[in-house]
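One structure is given below, encoded as structure tokens.
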Amino acid sequence: MPPKGGSTKLAPPRLPPLPKLRVRRPNAPEPNPCLGIMTSVLGCWASSGNAAAGCAALEQSLRACMDAPRPKGQKKNTINYHLMRLYPKIRGPTKRDK
């Protein structure tokens, strides 16, 4: 509760002076969906040899995963654009050098 006669308006947040506000690498690449299956196939081959009949089901699932169409590219993240746009409003007025 504000003191009597005081303003109820909240002060805007102040950030330390930064040359720019950015998020590093906002567009992280997606991991390969076939990586887990490939690891299973390689483990099966390592434990029982390359031509093992027990690994046939894993090999087929790996082939199906590799032959499946890859999803289209993901949308680009716009966080840095919005940070650049809103940073002057968060930072507030600055002193001008004369």
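The values are calculated or read from the model by the stated rules, or taken from the named source; none is laboratory data. Everything numeric in this text was worked out from a predicted model, so none of it was measured. In this analysis, Cβ positions are derived from the backbone assuming ideal geometry, glycine residues included, and neighbour counts consider all displayed protein chains.
Taking segment 16-66 only, how many residues are out of contact with any Cys (no Cβ under 7 Å at 6 or more places or on another chain), surrounded by 13 or more Cβ atoms within 10 Å (Cβ to Cβ), farther than 27 Å from Y87 by Cβ and aliphatic (A, V, I, L, M)?
Selection size over segment 16-66: 2.
May I ask you to say which residue of K98, K89 is among the charged types (D, E, K, R), at pLDDT below 90 and in a helix (DSSP H, G or I)?
K89
Please specify each residue of segment 27-65 satisfying the condition of being of a type in the set (A, V, I, L, M, F, W, C), in a helix (DSSP H, G or I) and without any contact (Cβ under 8 Å) to a residue 12 or more places away in the chain.
Hits for segment 27-65 are L35, L42, W45, A46, A53, A56, A57, A64.
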